[in-house]
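Below: one structure, written as structure tokens.
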Amino acid sequence: MRNLLSIRDLDRVRIEELCSLADEFLAVMRRPIPQVPALRGITVATMFFEPSTRTRLSFERAARGLSADVMGFQAAGSSVAKGESLKDTALTLRAMGANIMVVRHGSAGAPKRVAEWTGCPTVNAGDGANQHPTQALADTFALLRRFGRLDGIRIAIVGDVRHSRVARSDVEAFTRMGASVTLVAPPPLLPPDLTGWPVAVSDQLDDLLEELDVVYLLRVQTERGGATVLPSVEEYARRFGLDAHRLGRMPDHAVVMHPGPMNRGVEITPDVADHPRCLVLDQVEAGVAVRMAVLFRLGAGLKGEAPHG
Ligand code: NCD
């Protein structure tokens, strides 16, 4: 594996292989000293041009768990404010010794450009509304840990699919692993063209609840215009928000997922967010483990090369 730019880069066997590697790294994370020396001497640069809490910290945690050094870059407060380009920023980090690039950017395709400019293995940590492959791996791994398999699992992805890179990556990962996926949203929050999406579509969450194993909730992405296409956020919460009553109509084994950050009171009520069947924190833990697996695979290709190889 040279880069991880899209979940399309991974077939089912690759996804399974990364998840079983993640299982081993989960055990490492639970040790008193949660670290292995696998990437000693390697430097991982986390380049974040959009806000992030869990994804950036998760990559940094994963890199340190492999004994890599971390160079953290956040656009806010950097020379990007002085007009420095993505290309110059990436080349600067490389010149300082970064070997692996982790990139989040508002524009689709930005991580691919960084890979081309720097020649370094690059991971897409979210590019616009396009892809978020490590989130999809985290979610797949969290579901594998819960259910043992995804074959035949029925998943509804509910909310602002239109603006969601998480939904785009998750749909591909979940269906490739054998799950069936229904997108549930008011029409303005669905992508205008769903040709080629291997999904069913509904705007009636209440019709589906009894048949679901997983409800995957998405945040309404106000920064990408998600709220402006809705008549009212209160109306959205009433029709599509998951509350205890709706959770109660789901099968006893069914679980709730959310990539974070959650808008408590909009897509999820606080009692459901804190419910034992809500996997949000399992997803966070799974996220560190799969990112260790991804960095380990990318770093393995660098071992033996000169630091700037
Ligand atoms: C998401 C993102 O930034 O794509 N969060 C995440 O990475 N866990 C989803 C969101 O912002 O709603």
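Here is a check on your reading of the model: is Pro270 assigned by TED's automatic domain parsing to the domain that holds Arg146, touching a strand residue (DSSP E or B) at 6+ places or on another chain (Cβ under 7 Å) and free of Cβ contacts under 8 Å to residues at least 24 places away in the same chain? So Pro270 fits the description; yes. With the requirement that a residue be closer than 18 Å to Met257 by Cβ and out of contact with any Ser or Thr (no Cβ under 8 Å at 6 or more places or on another chain), what does segment 114-137 give you? Scanning segment 114-137 gives a single hit, Leu137.
Only one residue in Ala98, Ala108, Ala136 is in a loop (DSSP other than H, G, I, E, B) and surrounded by 24 or more Cβ atoms within 10 Å (Cβ to Cβ). Which one?
Answer to the selection: Ala98.
If you take the residues of segment 44-58 that are in contact with a helix residue (DSSP H, G or I) (Cβ under 8 Å, 6 or more places away or on another chain) and over 20 Å from Leu91 (Cα atoms), which of them is farthest from the ligand (Cβ to nearest atom)? Don't jump to the end; show me each part of the working.
So in segment 44-58, the residues in contact with a helix residue (DSSP H, G or I) (Cβ under 8 Å, 6 or more places away or on another chain) come out as 44-49, 54-55, 58.
Applying the additional criterion that residues be over 20 Å from Leu91 (Cα atoms) yields 54-55, 58.
Values: Arg54: 5, Thr55: 4, Ser58: 9 Å.
Top of the filtered list is Ser58.
Of the strands (runs of 3 or more DSSP E) that lie entirely inside segment 189-300, those containing 1 or more residues that are within 14 Å of the ligand (Cβ to nearest atom) span 214-217, 255-257. Listed by first and then second residue, the pairs linking a residue in segment 254-266 that is assigned by TED's automatic domain parsing to the domain that holds Arg219 to a residue that is in a loop (DSSP other than H, G, I, E, B) and among the hydroxyl-bearing types (Ser, Thr, Tyr), with Cβ atoms under 8 Å apart and 6 or more places separating them unless they lie on different chains, are Gly260/Thr53; Pro261/Thr53.
Which residues, taken from segment 158-169, are more than 11 Å from the ligand (Cβ to nearest atom) and buried (at least 24 other Cβ atoms within 10 Å of the Cβ)? Reasoning before the result, please.
Let us first name the residues in segment 158-169 that are more than 11 Å from the ligand (Cβ to nearest atom), namely 158, 161-162.
Within segment 158-169, Val158, Val161 qualify.
For Leu230, indicate whether it is touching a Phe, Trp or Tyr at 6+ places or on another chain (Cβ under 7 Å), on the phi < 0 side of the Ramachandran plot and modelled with pLDDT under 95. Yes. Of note, Glu172 satisfies the criterion of being surrounded by fewer than 23 Cβ atoms within 10 Å (Cβ to Cβ), within 16 Å of the ligand (Cβ to nearest atom) and under 15 Å from Ala136 (Cβ atoms). Those residues that are over 16 Å from the mean Cα position of the chain (by Cα) and not in a helix (DSSP H, G or I), I need them from segment 139-157; list them, please. Listed by number, the residues that qualify are Gly148, Arg149, Leu150, Asp151, Gly152, Ile153, Arg154, Ile155, Ala156.
The values are calculated or read from the model by the stated rules, or taken from the named source; none is laboratory data. Predicted model only: the values in this text are computed from it and were never measured. So basically every Cβ, Gly included, is an ideal-geometry build from the backbone, and we count neighbours across all protein chains shown.
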